[in-house]
Amino acid sequence: MDKFRMIFQFFQSNQESFMNGICGIMALASTQMYSAFDFNCPCLPHYNLAYGLGILLVPPFILFLLGFVLNNNISMLAEEWRRPQGQRGKDPSVLRYMFCSMAQRAMIAPAVWVSVTLLDGKCVTCAFCTSVPVAALGNASHPRLSQGEIQRVLARIPCKEIYNGQQLIANEVAVRYLRCISQALGWCFVLLMTTLAFLVRSLRPCFSQAAFLKSRYWSHYIDIERKLFDETCAEHARSFAKVCIQQFFEGMSTELVAARCHLPRKAPADAGEAAEKLLGITDQGTMNMALKNWHRCKPPLDLHPPALPTGNGWAGEGQPPTHPSAPRRETAAYYSWV
């Protein structure tokens, strides 16, 4: 149990770890879905290809979209892409990094589905059973059948219980031939995905490591800024509701006393603390304006320390006056009661 708790805490440590965990769970779920899926080939010449390729390609597309839906950064990416320019510019490299990062994670579950499907071989057997070379693997000259009849016989290869073309080509020979091709394609696909992942991981730091670090940093900054903004808005809403409720009950004090309902009042310190958290925003219109301004013109990413006024009125701009200061004299005074 402690190991599962540690794994869960690791997944919650940051956004990337959380999304890696989600993608791993989706990859395991894709294998379980395929193992629990009841594959039934229609065994008809005009439907086998559509059914086989549909099972091979449609579920990976759904899993790919599901990977984007489960990613929390998709709304952040759309918001950053569609927001007005405002006081902060939009960096296309950061948007590309966010999209590529989400796409790479969303591709894990579809890649697992395609790999498992090709290695199993049922989809390829169903889709391309009518393309079996009868002249090389069977006895095409024995039965005198038309091309359409041969296609109907070959379309029943995945359905062993209704296959009636043993004189044309043995069912075991055709299934083994198609399954070998499917497994070869599956291993080639796994090798290709592994090679691409290795090249992306190993060669990217050799060319654009500085740009990659910059994009990754600002992507994390956007995520953290959004979380902090949501937390600040939630805290402000809580303080606003607290002060509003307190003012409501204070305004109803006369009615409560008349009804002989004495409610315990909270300490004034609580009300003062909640009022301080409002930061001067005490009505709905001002809050709506603040939210619109945050969306339209976010503050620029340029921090300046606050100016500290001094006795001569210098506010921190430019350089302070460089007049030589006079040496300070210290005088000691002694008092005696004698």
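Quick look at the values:
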item: Paramagnetic reach from Gln87 in the range 275-299 [backbone N under 19 Å; point 7 Å along Cα→Cβ]; result: 279-281, 286-299
item: Alpha carbon convex hull of the range 1-208, volume per residue in cubic angstrom; result: 177 Å³
item: Förster radius 22 Å - calculated FRET efficiency between Lys160 and Ile181 (Cβ-Cβ, nearest 0.05); result: 0.70
item: Vicinal HN-Hα couplings computed from phi for the range 70-75 (Karplus, 6.51 cos²θ - 1.76 cosθ + 1.60; Hz; Gly/Pro x); result: 6, 7, 6, 7, 5, 5
item: For the range 1-208: relative contact order, % (alpha-carbon pairs under 8 angstrom, 6 or more apart); result: 25 percent
item: Two-site FRET efficiency, Met252 against Val69, from Cβ-Cβ distance with R₀ of 56 Å, rounded to 0.05; result: 0.75
item: Backbone N under 16 Å from the Met287 label point (7 Å along Cα→Cβ), restricted to the range 233-249; result: 233-248
item: Estimated inter-spin distance, Gln209 and Leu57, nm [label 7 Å along Cα→Cβ]; result: 4.1 nm
item: ³J(HN,Hα), Karplus 6.51/-1.76/1.60, whole Hz, each residue of the range 227-242, x for Gly, Pro; result: 5, 5, 5, 5, 5, 5, 5, 5, 5, 5, 5, 5, 5, 4, 5, 5
item: Förster radius 30 Å - calculated FRET efficiency between Arg96 and Val116, Cβ distance, rounded to 0.05; result: 0.45
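FYI, it's all coordinate maths here, none of it is from the lab. Keep in mind that this is a model prediction, so the values were computed, not measured. Note that each Cβ is placed from the backbone with ideal geometry, even for glycine, and that neighbours are counted across all protein chains shown.
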